[in-house]
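Worksheet for the structure shown next.
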There are 2 protein chains.
Amino acid sequence: MEDEIKQVIVVRKDIKMGAGKIASQVAHASLMSFLKVNKTDKEIAKKWLDTGEKKIIVKTTSYDEFNEIKKALSEKRIPFEVIIDKGLTQVEPGTETAIGIGPFYEKKIDEVTSKLKLL
Amino acid sequence: MEDEIKQVIVVRKDIKMGAGKIASQVAHASLMSFLKVNKTDKEIAKKWLDTGEKKIIVKTTSYDEFNEIKKALSEKRIPFEVIIDKGLTQVEPGTETAIGIGPFYEKKIDEVTSKLKLL
């Protein structure tokens, strides 16, 4: 599997969110990042759908760590979307809650997220 | 808001899944059902994206209840996708874990899911 495609969703665990809130943020991140890639690189998006949409959910435990991930993704030009919550429930308005990464090449994403623990 | 559009994700709480597992099932259900609607009714799919992608996560507490939801959705011709897990982790292979509903008209979905509690 030289160039397997996956999506990784990073969830902030330094803010308090219930299971339903987390699930909705993850779903939002997954869809937003997919739609982005589907515009910029249809071939990768299609390959991901055709190969079972591998999706891994991981967590950061501080906002610093969360920001480092965003920075590294930008530097490596890996496509991602940051989810900013409207803050109607559970978190303050404008809170960043999650990052949707890819679908993109597994090896490239792993360079950034492999150190993060599964949610 | 005569015909507001939303998506509802139903998660089975009669099976044991951790927060990360739930989140991945919800994301999967959301994307699969979105892609279905995006093929069959592009206008609704686009409207949902353009209006902030309202997404509600609810739960069923028994498999019977889960199946009743599927039956009611079919009868009312509301678009949905059932997620069946490969069972590599946490659940048995072939386990139904979640239903992605819509995006579709809020009022129509509410006829089926308004009695379900938030996850």
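Within segment A:53-85, can you find the residues that are of a type in the set (D, E, K, R), loosely packed, with under 14 Cβ neighbours inside 10 Å and either outside any loop (DSSP other than H, G, I, E, B) or touching a Leu at 6+ places or on another chain (Cβ under 9 Å) (or both)?
A:Asp64, A:Glu68, A:Lys71, A:Glu75
The requirement of being away from chain B (no Cβ under 13 Å) and under 23 Å from B:Thr89 (Cα atoms) is not satisfied by A:Ile78.
Looking only at segment A:26-50, residues that are touching a Lys or Arg at 6+ places or on another chain (Cβ under 9 Å) and of a type outside the set (A, V, I, L, M, F, W, C) come to 3 in all.
Would you confirm, using the coordinates I've provided, whether B:Thr113 is in contact (Cβ under 8 Å) with a residue 60 or more places away in the chain, crowded, with 19+ Cβ neighbours inside 10 Å and more than 22 Å from A:Lys6 (Cα to Cα)? Yes: the conditions hold for B:Thr113.
Scanning segment B:82-116 for residues that are touching a Lys or Arg at 6+ places or on another chain (Cβ under 6 Å) and of a type in the set (D, E, K, R) gives a single hit, B:Glu106.
Scan segment A:30-52 for residues that are open to solvent by less than 60 Å² (accessible area, probe 1.4 Å) and either at pLDDT below 95 or at the interface with another protein chain (Cβ under 8 Å from one of its Cβ atoms) (or both) and the total you get is 6. Among the residues of segment A:2-52, those identified as without any contact (Cβ under 8 Å) to a residue 60 or more places away in the chain, part of a loop (DSSP other than H, G, I, E, B) and farther than 21 Å from A:Arg77 by Cα are A:Asp14, A:Thr51, A:Gly52. Determine, yes or no, whether B:Lys21 is open to solvent by 10 Å² or more (accessible area, probe 1.4 Å), over 13 Å from the mean Cα position of the chain (by Cα), at pLDDT 95 or above and among the basic types (Lys, Arg). Against the criterion (open to solvent by 10 Å² or more (accessible area, probe 1.4 Å), over 13 Å from the mean Cα position of the chain (by Cα), at pLDDT 95 or above and among the basic types (Lys, Arg)), B:Lys21 does not qualify.
Looking at B:Glu4, B:Glu68, just one residue is in contact with an Asp or Glu (Cβ under 7 Å, 6 or more places away or on another chain), more than 21 Å from A:Asn38 (Cα to Cα) and not aliphatic (A, V, I, L, M), and that residue is B:Glu4. Residue by residue through segment A:86-110, note down the ones that are without any contact (Cβ under 8 Å) to a residue 40 or more places away in the chain and open to solvent by less than 70 Å² (accessible area, probe 1.4 Å). Answer for segment A:86-110, where residues must be without any contact (Cβ under 8 Å) to a residue 40 or more places away in the chain and open to solvent by less than 70 Å² (accessible area, probe 1.4 Å): A:Gly87, A:Gly94, A:Asp110.
The values are calculated or read from the model by the stated rules, or taken from the named source; none is laboratory data. All figures in this text were calculated on a predicted structure; none of them were measured in a lab. Positions of Cβ are backbone-derived with ideal geometry, glycine not excepted, and every protein chain shown enters the neighbour counts. SASA here: full protein model, heavy atoms, side chains in, ligands and nucleic acids out. Shrake-Rupley method; radii C 1.70, N 1.55, O 1.52, S 1.80 Å.
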